[in-house]
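A.B. asks: Here it is, the structure, as structure tokens.
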Amino acid sequence: MPCASSHTCCRTSPPAPAEPRTSYLQMAPQRLYTLSVMLVWSCVVASSSSHIPVAPPRDLQITDPGLLGPLDIEWKPPPDVQTSSECTVKYKFEYRNTGDTDWKVIFTRRLKFRVGFDLSRTAEVKVQTLLEGRCTNGVEVQSDWISATFQVPLQGKLESQVQNFHCIYHDWEYLKCTWQPGLLAPRGAHYGLYYWYEGLDQAAQCDHYIQDHGMNVGCTLRNLSQAEYQDLNICVNGSAAATPLRPLYSTLRLHNLAKPSPPRQLVVSVSAAEELLVAWSPPGGQTPPQCLEYEVEVAEDLEEAKAAWAPVLTQMETACTIPRANQSHVSCVRVRGRTNIFCADQGFWSEWTQECFSVSRKEDKQLFILIPVILSLSSSLIIFMLIGQCKKRSSEGKPSEVSVRC
């Protein structure tokens, strides 16, 4: 076809079909994933490059100083560790007895500790290094753990150990511990009790044993005021001619074993409103009065053997007022004491006051008043009759010794 103008005419071929294009929305998840991976990798690389690896401590050792429970644990710093204004080295120390669920944790800069264990079980300890400061960009770096265990050589079978070991701190004055021979302990076994608390240079032996048929079955310890509110470690071991006996280890807290004497001078009176006014004095001994609480109970018809003691209140004061539920019945009050929650986690109740106070019925009171009067009148009448008989016999000439017998 000729050109209609001077311009060069170009024949255009039909356009090729367009290739499919991936939309931006379809590419976004893939690009985000790639970007996230790159960011995480860069953070890891940067973090690893800024952290200084730290080695664990060395030469972890456990030593038994012979104090019936406390063990000495010590270690040495990791090699090539340096402390400066830019870096701080600490240690995380954990310990427990085998069988315990939780570890006890201590953060420290020290290299030696003395901590208490139950020596009848294996002691477990572990420690790691903690590095922190400008040298680690403020991030705490932890080393691997090093660990160690310790077990006192326990001789004899478990059934040879003393049984029913029980201790009471009476009146905050003396500790009385008792036990029974082990099931496999032979006749004639000899037992000894040893104890230690912070302040003693070494473990001491009981000097006042309780015996049964020549065998030590208990011990009384006095002068333990310095051991209050701290661990008192005790070991009861035994020896026999042919049978090794397993020792018993125990850690006590005296304030949780305290048992006071009963309250003193219990006084009960009746008010004009027919209420019971109860007052008493704290027990004797060394029990701190501010460490005591009291329980008060009351009963009705105690003399008829049908009474049931009912708790009224628990308080720290030494006096209270109790309304009488039934004024026609005989009432009786008793009181006992124990260490309160401000001085102990637990404790033993004292014995009840040995005598309770009874308030009689009104008609009983009237009867008690009439009985002496009736007895007095009866006696006077009998004496008068006897004197009359004596005079009559005398007038009839009876022997004089009869009048003497009268």
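A.B. asks: How about segment 72-114: which of its residues are under 20 Å from GLY138 (Cα atoms) and under 37 Å from the mean Cα position of the chain (by Cα)?
C.D. replies: VAL89, LYS90, TYR91, LYS92, PHE107, THR108, ARG109
A.B. asks: Which of (1) under 30 Å from LEU193 (Cβ atoms); (2) free of Cβ contacts under 8 Å to residues at least 60 places away in the same chain; (3) among the polar types (S, T, N, Q) does GLN290 not meet, given it meets every other one?
C.D. replies: (1)
A.B. asks: If you don't mind, there's one more thing I want to ask. For segment 231-254, check the following and say yes or no: at least one residue is at pLDDT below 85 and among the hydrophobic types (A, V, I, L, M, F, W, C).
C.D. replies: Checked against the condition, which is being at pLDDT below 85 and among the hydrophobic types (A, V, I, L, M, F, W, C), segment 231-254 yields at least one hit.
A.B. asks: Considering segment 130-179 alone, what residues qualify as being in contact (Cβ under 8 Å) with a residue 24 or more places away in the chain, part of a strand (DSSP E or B) and either closer than 30 Å to PRO263 by Cβ or touching a Phe, Trp or Tyr at 6+ places or on another chain (Cβ under 6 Å) (or both)?
C.D. replies: Filtering segment 130-179 for residues in contact (Cβ under 8 Å) with a residue 24 or more places away in the chain gives 130-137, 139, 141-152, 154-162, 165, 167-179.
Within this subset, residues satisfying the condition of being part of a strand (DSSP E or B) are 130-133, 141-142, 146-150, 165, 167-170, 174-179.
Within segment 130-179, PHE165, CYS167, ILE168, TYR169, HIS170, TYR174, LEU175, LYS176, CYS177, THR178, TRP179 meet the criteria.
A.B. asks: Let me ask something else. Can you tell me which residue is surrounded by the fewest Cβ atoms within 10 Å (Cβ to Cβ) among those in segment 279-320 that are modelled with pLDDT under 90 and part of a loop (DSSP other than H, G, I, E, B)?
C.D. replies: ALA305
A.B. asks: Within segment 192-203, can you find the residues that are modelled with pLDDT under 95 and crowded, with 19+ Cβ neighbours inside 10 Å?
C.D. replies: none
A.B. asks: Given the residues ASP80, ASP171, ASP144, ASP64, which is the only one that is in the same structural domain as ALA203 (by TED's automatic domain parsing) and either charged (D, E, K, R) or surrounded by 13 or more Cβ atoms within 10 Å (Cβ to Cβ) (or both)? Outline the logic, then answer.
C.D. replies: On the way: ASP80 fails: in the same structural domain as ALA203 (by TED's automatic domain parsing); ASP144 fails: in the same structural domain as ALA203 (by TED's automatic domain parsing); ASP64 fails: in the same structural domain as ALA203 (by TED's automatic domain parsing).
Going through ASP80, ASP171, ASP144, ASP64 in turn, the sole match is ASP171.
A.B. asks: Among the residues of segment 149-167, which ones are crowded, with 16+ Cβ neighbours inside 10 Å and among the hydrophobic types (A, V, I, L, M, F, W, C)? Can you show your working first?
C.D. replies: Step one: of segment 149-167, the residues crowded, with 16+ Cβ neighbours inside 10 Å are 150, 152, 156, 160-162, 165, 167.
PHE150, VAL152, VAL162, PHE165, CYS167, listed by residue number.
The values are calculated or read from the model by the stated rules, or taken from the named source; none is laboratory data. As the structure is a computational prediction, the values presented were derived from the model and not from experiment. Note that each Cβ is placed from the backbone with ideal geometry, even for glycine, and that neighbours are counted across all protein chains shown.
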